[in-house]
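One structure is given below, encoded as structure tokens.
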Amino acid sequence: MKTIAVDMDGVLANCIQQFINYEFAETGIKRPIAETIGKRESEAFPNGRAYLYQPGFFRTMPVIEDSREALYKLCQEYEVLIVSAATEFPQSLSEKQEWLNEHFPFISWKQMVFCGTKTMIKADIMIDDHFKNLDPFKGRTILFTQPHNQLADAGRHTRVHSWKEIERLLLRKSQLEAIWDMERASAPVTPVISQYA
Ligand SMILES: [Mg+2]
């Protein structure tokens with residue numbers, strides 16, 4: 001079974017929308033997404049760095065469209081690991097785990113890899129929105145389109161614009177047609193007690 005390393009921010013979690021929401025709450029001005037195209041977050045949102053330190057920023061991110069259904073299907077054919085940088089903003093670590101448990105209850109704690117740099121990650125496929133993570137990766141690389149990377153040449157990476165595109169790229173026809181078992185995917189998570197606890 002092949003392994004896929006899936007990023008969170010900008011791939012599962014809609015962090016651009018979250019920045020827009022926080023900026024709107026602070027200033028009353030709703031920045032159009034078009035204004036953020038081709039800009040790093042720090043350029044697009046002058047006060048953005050402060051939002052990253054606010055409790056709840058990572059916990060309340062909107063979910064990117066179609067990601068739950070697609071990831072659930074991928075889990076039937078691949079070993080899926082959620083690989084997310086979570087040590088720069090310390091509160092993000094627990095918030096990201098809670099967020100995954102809420103929105104992706106079919107992802108177990110064993111599939112969550114919270115790290116600093118991603119350069120040590122080994123897998124067959126990586127899905128990410130940042131070149132800094134995809135460029136050093138040895139396997140197949142999928143660039144998830146976000147405003148900050150939208151104008152860049154994808155180079156050797158395969159650019160996708162949606163989770164529907166990822167489904168078409170990585171799933172067999174039989175899996176594409178599989179019925180999305182919402183009830184099962186939304187089942188409450190049974191807490192697993194770590195053997196190392
Ligand atoms: Mg990302």
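Each reported figure results from applying straightforward, stated rules to the coordinates on display, with no laboratory input. Model, not experiment: these values are computed from the prediction. Here the Cβ positions follow ideal geometry from the backbone for every residue, glycine too, while neighbour counts run over all protein chains shown.
Around Phe58, with a cut-off of 15 angstrom between Cβ atoms, what is the net charge of the other residues, counting Lys and Arg +1 and Asp and Glu -1? Can you show the working numbers first?
On the way: positive: Arg49, Arg59, Lys96; negative: Asp7, Asp9, Glu41, Glu88, Glu95, Glu98, Glu102.
That sum, taken over residues with Cβ under 15 Å, equals -4.
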Notebook entry, point to check: For the cross-link pairs Lys2/Lys122; Lys30/Lys132; Lys2/Lys132; Lys73/Lys132; Lys73/Lys164; Lys110/Lys138, which exceed 19 Å when the distance is taken from alpha carbon to alpha carbon?
Noted result: Lys30/Lys132; Lys2/Lys132; Lys73/Lys132; Lys110/Lys138
Notebook entry, point to check: Which helices count as membrane-span-like in the chain under these terms: full DSSP H, at least 27 Å along the axis by C-alpha, Kyte-Doolittle mean of 0.5 or more?
Noted result: none
Next item on the list: For each of Lys132, Lys164, count neighbouring Cβ atoms within 10 Å of the residue's Cβ, then give the residues from fewest to most.
Entry: Lys132, Lys164
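Evaluate the charge dipole of segment 15-82 about its Cα centre and quote only its size in Debye, nearest 20, assuming +1 on the Cβ of each Lys and Arg and -1 on the Cβ of each Asp and Glu. Numbers along the way, then the final one.
Details: 8 positive and 10 negative charges, 49 e Å.
For segment 15-82, the charge dipole is close to 240 debye.
With +1 on each Lys and Arg Cβ and -1 on each Asp and Glu Cβ, how big is the dipole of segment 73-162 about its Cα centre, in debye rounded to the nearest 20? Kindly include the intermediate steps, with their values, before the conclusion.
Working: 10 positive and 11 negative charges, 63 e Å.
Here the size comes out at about 300 debye.
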Next item on the list: For Thr119 paired with Leu151, estimate the spin-label separation in nm (one decimal), with each label point 7 Å from Cα along the Cα-to-Cβ line.
Entry: 2.8
Next item on the list: Sticking to Cα atoms, compute the Rg of segment 1-109 to one decimal and its Dmax as the biggest Cα-Cα distance, whole number, in Å.
Entry: 14.9, 49
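Please give me, ordered by residue number, the chymotrypsin sites (Phe, Trp or Tyr not before Pro) of segment 1-95 that lie in loop per DSSP and have at most 13 other Cβ atoms within 10 Å. Don't skip to the end; give the middle numbers.
Numbers: sites: Phe19, Tyr22, Phe24, Tyr51, Tyr53, Phe57, Phe58, Tyr72, Tyr78; in loops: Tyr53, Phe57, Phe58, Tyr78.
For chymotrypsin sites (Phe, Trp or Tyr not before Pro) across segment 1-95 that sit outside H, G, I, E and B with at most 13 neighbouring Cβ atoms in 10 Å, the list reads Tyr53.
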Checklist line | For the chain, share of DSSP beta bridges that run antiparallel, in % to the nearest 5 | finding: 5
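Rg to Rh for the chain: what is it, with Cα atoms only and Rh by Kirkwood?
On the way: Rg = 16.8 Å, Rh = 17.6 Å.
Taking Rg over the Kirkwood Rh, I get 0.95.
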Item checked: Residue-count net charge about Ala44 - beta-carbon cut-off 9 Å; Lys, Arg +1, Asp, Glu -1 -> 0
Checklist line | Whole-Å distance, taken between Cα centres, linking segment 22-52 and segment 65-127 | finding: 25
